[in-house]
Amino acid sequence: MQRPVDLELLAPARDIAIGRQAIVHGADAVYIGSEAFGARVSAANTVDDIASLADFAHQFDARVYVTLNTLIYDDELKAAENLIRRLYRAQVDALIVQDLSVLRMDIPPIALHASTQCDTRTPEKARFLQDCGFSQIVLARELSLEQIRGIASAVTVPLEAFVHGALCVSYSGDCQASLFATGRSANRGECAQMCRLPYSLTDADGRKLAPDAHYLSLRDMNRLDRLADLADAGVSSFKIEGRLKESDYVRNTVAAYSKALDAIVGRSEGRYCRSSVGDVDLSFTPDVTRSFNRRFTSYFLDGRPDRPVAMASLDSPKWIGRQIGRVAAVKNGSVKVDTAEELANGDGLGYFDANGRYCGFRVNRVNGDWIYPASEVNLKAGVTLYRNRDKRRDDLMSGETARRTVAVDAELRRIDSGRIAMRLSDRHGADVEVVAESAEQPARTSQLQPRQRVVAKLGDTIYRLGNFDDRLPDDSFVAASVLADLRRRATDTLDATRRMRHVFDYRRPEQTVVTDFSNAPLDRHDNVANRLSAEFFADHGMTVAERAAEVCLPDRSADRRVMTTRYCLRRELGACLKTPGGKKLPTPMFLRAQGVDYRLDFDCAKCCMNVILPRRKG
């Protein structure tokens, strides 16, 4: 019988506290930033903290991946090597890497995962990364199921795909808008998020073609109902975006996706299993619509849409909240709300004003279907209301919201007239036995239930009692203190045994000849930022014609492509040139904001849009 495919739910962790919560709520793995070289500079953690998180995760056979996914400069190579050695000693399970200089560093054989910043969107690129020694490959977010199947057929290593959270409008690893506009590089973890700005859309003469909007701000990804399709296409690691998100976001989202994966495993007839162990008990009902989002899109999972489908959040880059109803009436500063939702003092509500601006306010008091805002609001009957803070749910989520446990079977037996033994088995191969002195002593009443009650008191451990095989005579008396000490020593021994049994992945060997993913010389979009990376490509017969923009910033005497995106503004506005009868928009078009002008070039043959920073005049 073929072994089941391990499905991994991979959750973000800004810090170790959130990492622990992600695991408790059902994550099979977490990814977290360390002291340097992570693509979120404000989400750094010490190696000691990460070691603590790994120790906690390994109790459940869960894994910890550390993001080392920025470009590395020549004068940082030694520091990166030292950090990797420390992370290896901290027993992290893998590094998520962008800069291929890591493949030429003097480091231990730690497993390497190819970051989404590697921009893997073809079978050739995936095979190249596998040949180089990567153990897992993170796919580009823009891929369709058909494209994922093509990549899966070309490699044997696990494929990882984002399933939820924020979307970069540009192909990841190939956005230089922030670098050229502000000097802050996305490839160095300092993205200024130029895509979230409001822009004017104009023609070449500066005439506005539409109202100002957040034309490059994409909605958030949500593939909760497409996990089975992704698994069938070859994805085995399902990644939630959000290393800057708060704990309640991570707990809610992880719980929702974990339940969905459990359902897939349950009906797979042995085809799939989860890659970690433990059962999760929740005190709340997960609902991803109740956590931060910019509204949702499945993006290009089904290929290029044949009709306009909203992929951008044009009106706001923020979370406007869940739509809850409409204003029924306004009277003396109070607002009557037509809603099926239960509102509470302290809720946060919002609406769009007559100019299309989102306005928020706090509810001071609720009386039936009338609310009393804490500040003055300009509302009229018929206006749609949204809730982006649910006070009751926030209160619920502020406490302990989940417990994850591993079932253990216990056996109690007598060895001889002076000793008894307790055996614990976790049903996953770990089996321990401890012994205590306890002379045979009859009791007047049955001792079965009292003994079971003591053995079952596992509340301060990760275990819960499954089957209990009590082989002592019914009337055999054992002091509760003796049983409690046996239970404590047995669970401590089982903890140690489970940690020792944790299976680590290791770096795959690099092939002598690797699949060439590019016949052309490598340029600044290939992000070669240091000498070791250049040596690596040279070793495999590839020419580096131009270093990464971060280390060799080109001058502005020529037009510079700063983004390439499958998202097309023409299609978003119903003006796709391939769609008969669509609205007409001129060529070229420009986006203008805060002193930054971009020209939009549309490559219809490749169905993509290029964002161009025009050359500086004069």
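The values are calculated or read from the model by the stated rules, or taken from the named source; none is laboratory data. Nothing here was measured: the structure is a model prediction, and the numbers come from that model. Every residue, glycine among them, receives a Cβ derived from its backbone with ideal geometry; neighbour counts consider all protein chains shown. Note: areas computed on protein heavy atoms with side chains; ligands, DNA, RNA excluded. Shrake-Rupley method; radii C 1.70, N 1.55, O 1.52, S 1.80 Å.
Any idea which of (1) farther than 30 Å from Gly333 by Cβ; (2) crowded, with 16+ Cβ neighbours inside 10 Å is the one Ile371 doesn't satisfy? So Ile371 meets the others, but not (1).
Yes/no matrix, rows are residues, columns are (1) free of Cβ contacts under 8 Å to residues at least 12 places away in the same chain; (2) open to solvent by less than 20 Å² (accessible area, probe 1.4 Å):
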site: Arg498; (1), (2): no, yes
site: Asp505; (1), (2): no, no
site: Gln511; (1), (2): no, no
site: Asp516; (1), (2): no, no
site: Ala520; (1), (2): yes, no
site: Asp523; (1), (2): no, no
site: Asp526; (1), (2): no, no
site: Ala529; (1), (2): no, yes
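Restricted to segment 29-75, and to residues there that are touching a Gly at 6+ places or on another chain (Cβ under 6 Å) and within 17 Å of Val503 (Cα to Cα), the residue that is surrounded by the fewest Cβ atoms within 10 Å (Cβ to Cβ) is Phe60. Restricting attention to segment 178-193, does a residue exist that is among the acidic types (Asp, Glu), open to solvent by 20 Å² or more (accessible area, probe 1.4 Å) and modelled with pLDDT under 95? Within segment 178-193 (the criterion being among the acidic types (Asp, Glu), open to solvent by 20 Å² or more (accessible area, probe 1.4 Å) and modelled with pLDDT under 95), the answer is yes, since at least one residue qualifies. Considering segment 1-28, and only residues there that are closer than 16 Å to His58 by Cβ and of a type in the set (D, E, K, R), the residue that is most open to solvent (accessible area, probe 1.4 Å) turns out to be Arg20.
The set of residues from segment 296-352 being open to solvent by less than 50 Å² (accessible area, probe 1.4 Å) and on the phi > 0 side of the Ramachandran plot comprises Tyr299, Gly303, Gly321, Gly325, Gly346.
Output the residues belonging to segment 487-519 that are of a type outside the set (A, V, I, L, M), assigned to a loop (DSSP other than H, G, I, E, B) and closer than 30 Å to Asp460 by Cα. Reasoning before the result, please.
At the first step, the residues of segment 487-519 found to be of a type outside the set (A, V, I, L, M) are 487-489, 491-493, 495, 497-499, 501-502, 504-512, 515-519.
Next, only the ones that are assigned to a loop (DSSP other than H, G, I, E, B) stay: 501-502, 504-505, 507-512, 515-519.
Answer for segment 487-519, where residues must be of a type outside the set (A, V, I, L, M), assigned to a loop (DSSP other than H, G, I, E, B) and closer than 30 Å to Asp460 by Cα: Arg501, His502, Phe504.
Evaluating Ser438 against the criteria (1) without any contact (Cβ under 8 Å) to a residue 24 or more places away in the chain; (2) touching a helix residue (DSSP H, G or I) at 6+ places or on another chain (Cβ under 7 Å) leaves one unmet condition, (1).
Quick check on segment 194-214: of everything there that is in contact with a Ser or Thr (Cβ under 7 Å, 6 or more places away or on another chain) and outside any loop (DSSP other than H, G, I, E, B), which residue is surrounded by the most Cβ atoms within 10 Å (Cβ to Cβ)?
For segment 194-214, the residue satisfying everything is Met194.
Taken over segment 546-565, the residue count meeting the criterion of being closer than 23 Å to Asp75 by Cβ and either without any contact (Cβ under 8 Å) to a residue 12 or more places away in the chain or open to solvent by 50 Å² or more (accessible area, probe 1.4 Å) (or both) is 5. Of the residues making up segment 233-242, those that are of a type outside the set (S, T, N, Q) and either closer than 15 Å to Leu9 by Cβ or open to solvent by 10 Å² or more (accessible area, probe 1.4 Å) (or both) are Gly234, Val235, Phe238, Lys239, Ile240, Glu241, Gly242. Could you tell me whether any residue of segment 292-312 is out of contact with any helix residue (DSSP H, G or I) (no Cβ under 6 Å at 6 or more places or on another chain) and assigned to a strand (DSSP E or B)? Yes, some residue in segment 292-312 is out of contact with any helix residue (DSSP H, G or I) (no Cβ under 6 Å at 6 or more places or on another chain) and assigned to a strand (DSSP E or B).
Could you identify the single residue in Leu472, Leu486, Leu458 that is within 14 Å of Arg414 (Cα to Cα), open to solvent by less than 20 Å² (accessible area, probe 1.4 Å) and within 41 Å of the chain's Cα centre (by Cα)?
Leu486 is the lone residue from the list that is within 14 Å of Arg414 (Cα to Cα), open to solvent by less than 20 Å² (accessible area, probe 1.4 Å) and within 41 Å of the chain's Cα centre (by Cα).
Could you tell me how many of the residues in segment 144-177 are touching a Ser or Thr at 6+ places or on another chain (Cβ under 9 Å) and closer than 21 Å to Val562 by Cα? Number of matching residues: 11.
The listed residues are Arg389, Arg419, Arg423, and the only one of them that is at negative phi, open to solvent by 70 Å² or more (accessible area, probe 1.4 Å) and in contact with a Gly (Cβ under 6 Å, 6 or more places away or on another chain) turns out to be Arg389. Across segment 299-315, which residue is nearest to Asn388 (Cα to Cα) among those that are modelled with pLDDT under 95 and among the small types (Gly, Ala, Ser)? Filtering first and then ranking leaves Ala310.
In segment 436-455, the residue that is modelled with the highest pLDDT out of those that are open to solvent by 60 Å² or more (accessible area, probe 1.4 Å) and assigned to a strand (DSSP E or B) is Glu437.
Can you name the number of the only condition in (1) open to solvent by 20 Å² or more (accessible area, probe 1.4 Å); (2) outside any loop (DSSP other than H, G, I, E, B); (3) over 26 Å from Lys606 (Cα atoms) that Gln147 fails? In the conditions (1) open to solvent by 20 Å² or more (accessible area, probe 1.4 Å); (2) outside any loop (DSSP other than H, G, I, E, B); (3) over 26 Å from Lys606 (Cα atoms), Gln147 misses (3) alone.
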